[in-house]
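Inspection log for the structure reproduced underneath, given as C-alpha coordinates.
The values are calculated or read from the model by the stated rules, or taken from the named source; none is laboratory data. Remember, predicted model here, so these are calculated numbers, not experimental data. Using ideal geometry, Cβ is built from the backbone for each residue, glycine included, and neighbour counts are taken over all protein chains shown. Side chains included, ligands, DNA and RNA excluded: accessible areas come from the protein's heavy atoms. Shrake-Rupley method; radii C 1.70, N 1.55, O 1.52, S 1.80 Å.
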Amino acid sequence: MSQTVKAEVRESAGKNAARRLRSQGNVPAILYGPKIKNVPLVLSKQDIFSILKSERGINTIFKITFDSKKKNVMIKDFQLDVVSDELLHVDLIEIAMSEAIEVTVQVELTGEAVGVKSEGGFVDFTNREVEVRCLPKNIPDQISIDISDLHLHESVKVGDIEPPEDVEFITEPDTVIAHIMLPEEEEIEEEEELEEELIVEGEEPEVIGEEGEEEVEEEGKEEGKETEKKKEEEDKKG
(Lines give C-alpha, C1' and ligand atoms only; values in the text may rest on other atoms or scores of the structure.)
Protein backbone atom coordinates (compact mmCIF):
# COMPACT_ATOMS: atom_id res chain seq x y z
CA MET A 1 0.00 0.00 0.00
CA SER A 2 1.42 3.41 -1.06
CA GLN A 3 2.29 5.83 1.71
CA THR A 4 0.70 9.28 1.65
CA VAL A 5 2.57 12.33 2.93
CA LYS A 6 0.89 15.64 3.69
CA ALA A 7 2.70 18.76 2.54
CA GLU A 8 2.16 22.49 2.47
CA VAL A 9 3.14 25.00 -0.18
CA ARG A 10 6.09 27.00 1.13
CA GLU A 11 5.34 30.72 1.08
CA SER A 12 8.62 32.12 2.43
CA ALA A 13 12.16 31.49 1.23
CA GLY A 14 15.66 32.22 2.48
CA LYS A 15 17.98 30.86 5.15
CA ASN A 16 16.12 32.28 8.13
CA ALA A 17 12.81 30.83 6.97
CA ALA A 18 14.47 27.45 6.38
CA ARG A 19 15.98 27.48 9.88
CA ARG A 20 12.57 28.17 11.40
CA LEU A 21 11.05 25.27 9.49
CA ARG A 22 13.77 22.86 10.66
CA SER A 23 13.42 24.00 14.28
CA GLN A 24 9.74 23.04 14.03
CA GLY A 25 10.53 19.50 12.84
CA ASN A 26 9.97 20.27 9.15
CA VAL A 27 12.20 20.50 6.10
CA PRO A 28 12.03 22.69 2.96
CA ALA A 29 11.50 20.79 -0.28
CA ILE A 30 10.98 21.33 -3.98
CA LEU A 31 8.73 19.27 -6.26
CA TYR A 32 9.46 19.22 -9.99
CA GLY A 33 8.77 17.13 -13.06
CA PRO A 34 8.55 17.24 -16.86
CA LYS A 35 4.91 18.34 -16.83
CA ILE A 36 4.74 20.66 -13.81
CA LYS A 37 6.33 23.88 -12.64
CA ASN A 38 8.60 23.75 -9.60
CA VAL A 39 6.58 23.80 -6.40
CA PRO A 40 8.27 24.81 -3.10
CA LEU A 41 6.92 22.67 -0.24
CA VAL A 42 7.19 22.05 3.47
CA LEU A 43 7.46 18.41 4.62
CA SER A 44 7.75 16.66 7.95
CA LYS A 45 11.29 15.41 8.69
CA GLN A 46 9.79 12.34 10.31
CA ASP A 47 7.89 11.41 7.13
CA ILE A 48 11.03 11.72 4.99
CA PHE A 49 13.21 9.69 7.37
CA SER A 50 10.50 7.03 7.49
CA ILE A 51 10.66 6.73 3.70
CA LEU A 52 14.46 6.72 3.54
CA LYS A 53 14.61 3.93 6.14
CA SER A 54 11.98 1.79 4.39
CA GLU A 55 12.81 -1.33 2.40
CA ARG A 56 13.13 0.48 -0.93
CA GLY A 57 14.64 3.60 0.59
CA ILE A 58 15.13 6.41 -1.89
CA ASN A 59 13.39 4.32 -4.60
CA THR A 60 10.11 4.36 -2.66
CA ILE A 61 7.18 5.79 -4.62
CA PHE A 62 4.68 7.57 -2.40
CA LYS A 63 1.81 10.01 -2.72
CA ILE A 64 2.05 13.62 -1.66
CA THR A 65 -0.94 15.89 -1.04
CA PHE A 66 -1.05 19.69 -1.08
CA ASP A 67 -3.65 22.28 -2.10
CA SER A 68 -6.22 19.52 -2.78
CA LYS A 69 -3.77 17.87 -5.21
CA LYS A 70 -2.34 14.36 -5.00
CA LYS A 71 0.75 13.26 -6.92
CA ASN A 72 2.98 10.18 -7.14
CA VAL A 73 6.54 11.16 -6.29
CA MET A 74 10.01 9.87 -5.42
CA ILE A 75 12.87 11.43 -3.48
CA LYS A 76 15.32 12.49 -6.16
CA ASP A 77 17.92 13.92 -3.78
CA PHE A 78 18.36 15.17 -0.24
CA GLN A 79 20.94 17.18 1.69
CA LEU A 80 22.30 16.49 5.17
CA ASP A 81 24.41 18.71 7.38
CA VAL A 82 27.97 17.32 7.24
CA VAL A 83 28.46 17.79 10.99
CA SER A 84 25.09 17.14 12.61
CA ASP A 85 23.43 14.95 9.92
CA GLU A 86 20.40 17.22 10.13
CA LEU A 87 18.10 16.98 7.10
CA LEU A 88 18.45 20.32 5.26
CA HIS A 89 16.54 19.99 2.00
CA VAL A 90 14.66 17.45 -0.14
CA ASP A 91 14.13 17.26 -3.91
CA LEU A 92 11.00 15.40 -5.08
CA ILE A 93 10.23 14.35 -8.63
CA GLU A 94 6.77 13.57 -9.97
CA ILE A 95 6.41 10.03 -11.30
CA ALA A 96 4.15 8.91 -14.15
CA MET A 97 3.21 5.33 -13.27
CA SER A 98 2.80 4.39 -16.95
CA GLU A 99 6.30 5.54 -18.00
CA ALA A 100 9.61 3.73 -17.47
CA ILE A 101 12.16 5.40 -15.20
CA GLU A 102 15.85 4.85 -14.45
CA VAL A 103 16.91 4.20 -10.86
CA THR A 104 19.85 2.83 -8.89
CA VAL A 105 19.27 -0.46 -7.07
CA GLN A 106 21.40 -2.04 -4.34
CA VAL A 107 23.12 -5.39 -4.98
CA GLU A 108 23.09 -8.17 -2.39
CA LEU A 109 25.52 -11.10 -2.51
CA THR A 110 24.27 -14.43 -1.21
CA GLY A 111 26.00 -17.74 -0.51
CA GLU A 112 29.63 -18.49 0.39
CA ALA A 113 31.98 -18.69 -2.58
CA VAL A 114 34.05 -21.85 -3.09
CA GLY A 115 37.08 -19.61 -3.52
CA VAL A 116 36.54 -18.30 0.01
CA LYS A 117 35.45 -21.47 1.72
CA SER A 118 38.07 -23.84 0.28
CA GLU A 119 40.72 -21.86 -1.60
CA GLY A 120 41.83 -19.14 0.83
CA GLY A 121 40.39 -16.18 -1.02
CA PHE A 122 38.02 -13.39 -0.08
CA VAL A 123 35.21 -11.50 -1.81
CA ASP A 124 36.10 -8.14 -3.32
CA PHE A 125 32.66 -6.49 -3.59
CA THR A 126 33.54 -3.96 -6.29
CA ASN A 127 30.18 -2.48 -7.30
CA ARG A 128 27.31 -2.49 -4.82
CA GLU A 129 24.74 -0.81 -7.09
CA VAL A 130 23.39 -1.22 -10.61
CA GLU A 131 21.34 1.09 -12.80
CA VAL A 132 18.01 -0.28 -14.06
CA ARG A 133 15.13 0.88 -16.25
CA CYS A 134 11.56 -0.23 -15.62
CA LEU A 135 8.04 0.91 -14.83
CA PRO A 136 7.74 2.40 -11.33
CA LYS A 137 5.67 -0.54 -10.11
CA ASN A 138 8.44 -2.96 -11.10
CA ILE A 139 11.36 -1.33 -9.26
CA PRO A 140 13.12 -4.19 -7.43
CA ASP A 141 13.97 -3.82 -3.74
CA GLN A 142 17.44 -5.17 -4.54
CA ILE A 143 19.32 -7.41 -6.95
CA SER A 144 20.40 -10.68 -5.32
CA ILE A 145 23.39 -12.58 -6.73
CA ASP A 146 24.40 -16.07 -5.60
CA ILE A 147 28.21 -16.33 -5.61
CA SER A 148 28.41 -19.87 -4.16
CA ASP A 149 30.03 -21.32 -7.33
CA LEU A 150 32.74 -18.68 -7.69
CA HIS A 151 36.31 -20.04 -7.47
CA LEU A 152 39.54 -18.14 -6.87
CA HIS A 153 40.20 -15.50 -9.57
CA GLU A 154 36.63 -15.77 -10.89
CA SER A 155 34.19 -12.88 -11.01
CA VAL A 156 30.55 -12.10 -11.62
CA LYS A 157 29.65 -9.27 -14.00
CA VAL A 158 26.42 -7.47 -14.78
CA GLY A 159 26.17 -9.45 -18.01
CA ASP A 160 26.15 -12.70 -15.99
CA ILE A 161 23.02 -11.69 -14.06
CA GLU A 162 19.47 -12.43 -15.14
CA PRO A 163 17.46 -9.24 -14.55
CA PRO A 164 14.09 -9.45 -12.78
CA GLU A 165 11.02 -9.70 -14.98
CA ASP A 166 10.23 -6.47 -16.87
CA VAL A 167 13.48 -4.88 -15.68
CA GLU A 168 16.38 -3.84 -17.92
CA PHE A 169 19.96 -3.32 -16.77
CA ILE A 170 21.51 -0.02 -17.89
CA THR A 171 24.90 -0.62 -16.29
CA GLU A 172 27.46 -1.92 -18.81
CA PRO A 173 27.46 -5.76 -19.06
CA ASP A 174 31.23 -6.02 -18.47
CA THR A 175 31.01 -4.14 -15.15
CA VAL A 176 32.42 -6.38 -12.39
CA ILE A 177 30.15 -6.75 -9.37
CA ALA A 178 32.43 -8.98 -7.29
CA HIS A 179 35.45 -11.23 -7.71
CA ILE A 180 37.38 -13.69 -5.58
CA MET A 181 40.99 -12.82 -4.93
CA LEU A 182 43.88 -13.61 -2.59
CA PRO A 183 44.88 -11.15 0.16
CA GLU A 184 48.33 -10.50 -1.38
CA GLU A 185 46.68 -9.59 -4.69
CA GLU A 186 44.73 -6.87 -2.92
CA GLU A 187 47.98 -5.48 -1.49
CA ILE A 188 49.53 -5.38 -4.97
CA GLU A 189 46.47 -3.60 -6.38
CA GLU A 190 46.61 -1.03 -3.57
CA GLU A 191 50.31 -0.38 -4.26
CA GLU A 192 49.62 0.05 -7.98
CA GLU A 193 46.78 2.45 -7.26
CA LEU A 194 49.05 4.48 -4.95
CA GLU A 195 51.75 4.67 -7.62
CA GLU A 196 49.18 5.84 -10.19
CA GLU A 197 47.96 8.55 -7.81
CA LEU A 198 51.52 9.77 -7.26
CA ILE A 199 52.13 9.96 -11.01
CA VAL A 200 48.89 11.85 -11.60
CA GLU A 201 49.68 14.32 -8.82
CA GLY A 202 53.23 14.82 -10.11
CA GLU A 203 54.76 13.27 -7.02
CA GLU A 204 56.71 10.50 -8.69
CA PRO A 205 59.25 9.05 -6.26
CA GLU A 206 62.87 10.03 -6.96
CA VAL A 207 64.80 7.23 -8.64
CA ILE A 208 68.59 7.11 -8.54
CA GLY A 209 69.73 5.02 -11.50
CA GLU A 210 72.74 4.71 -13.73
CA GLU A 211 72.42 8.30 -14.97
CA GLY A 212 72.47 9.62 -11.41
CA GLU A 213 75.54 7.53 -10.61
CA GLU A 214 77.33 8.79 -13.74
CA GLU A 215 76.66 12.42 -12.76
CA VAL A 216 78.11 11.86 -9.30
CA GLU A 217 81.13 10.12 -10.82
CA GLU A 218 81.77 12.99 -13.28
CA GLU A 219 81.51 15.55 -10.46
CA GLY A 220 84.10 13.56 -8.51
CA LYS A 221 86.48 13.53 -11.48
CA GLU A 222 86.19 17.30 -11.94
CA GLU A 223 86.93 17.92 -8.27
CA GLY A 224 89.98 15.62 -8.54
CA LYS A 225 91.34 17.55 -11.54
CA GLU A 226 90.98 20.88 -9.74
CA THR A 227 92.89 19.52 -6.73
CA GLU A 228 95.74 18.27 -8.97
CA LYS A 229 96.02 21.68 -10.67
CA LYS A 230 96.29 23.44 -7.32
CA LYS A 231 99.10 21.08 -6.24
CA GLU A 232 101.03 21.66 -9.49
CA GLU A 233 100.76 25.44 -9.10
CA GLU A 234 101.97 25.24 -5.48
CA ASP A 235 104.96 23.07 -6.55
CA LYS A 236 105.92 25.62 -9.22
CA LYS A 237 105.79 28.47 -6.75
CA GLY A 238 107.88 26.47 -4.29
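Go through segment 122-156 and give me each residue that's small (G, A, S) and more than 25 Å from the chain's Cα centre (by Cα). S148, the sole residue that qualifies. Could you name every one of the strands (runs of 3 or more DSSP E) located completely within segment 1-68 that has at least 2 residues being without any contact (Cβ under 8 Å) to a residue 60 or more places away in the chain? Those strands (runs of 3 or more DSSP E) span 36-44.
Identify, please: which residue in segment 12-35 is among the basic types (K, R) and closer than 22 Å to V73 by Cβ and is, among those, surrounded by the most Cβ atoms within 10 Å (Cβ to Cβ)?
Step one: filter segment 12-35 for residues among the basic types (K, R), giving 15, 19-20, 22, 35.
After this cut, where a residue has to be closer than 22 Å to V73 by Cβ as well, the list is 22, 35.
Values: R22: 17, K35: 7.
It comes out as R22.
Before we move on, is T175 farther than 29 Å from S118 by Cα, modelled with pLDDT of 95 or more, touching a helix residue (DSSP H, G or I) at 6+ places or on another chain (Cβ under 8 Å) and surrounded by 13 or more Cβ atoms within 10 Å (Cβ to Cβ)? Judged against the criteria, T175 is not a match. Only one residue in L87, L80 is within 25 Å of A13 (Cβ to Cβ), buried (at least 17 other Cβ atoms within 10 Å of the Cβ) and either among the hydrophobic types (A, V, I, L, M, F, W, C) or touching a Pro at 6+ places or on another chain (Cβ under 6 Å) (or both). Which one? Sole residue among the options that is within 25 Å of A13 (Cβ to Cβ), buried (at least 17 other Cβ atoms within 10 Å of the Cβ) and either among the hydrophobic types (A, V, I, L, M, F, W, C) or touching a Pro at 6+ places or on another chain (Cβ under 6 Å) (or both): L87. Of all residues in segment 1-39, which are out of contact with any strand residue (DSSP E or B) (no Cβ under 6 Å at 6 or more places or on another chain), under 24 Å from S84 (Cα atoms) and not hydroxyl-bearing (S, T, Y)? Within segment 1-39, A13, G14, K15, N16, A17, R19, R20, R22, Q24, G25 qualify. Checking N59, N38 one by one, the residue that is open to solvent by 40 Å² or more (accessible area, probe 1.4 Å), modelled with pLDDT of 90 or more and not β-branched (V, I, T) is N38 and no other.
Taking the criterion of being of a type in the set (D, E, K, R), closer than 26 Å to R10 by Cα and over 20 Å from the mean Cα position of the chain (by Cα), the only residue of segment 90-107 that qualifies is E94.
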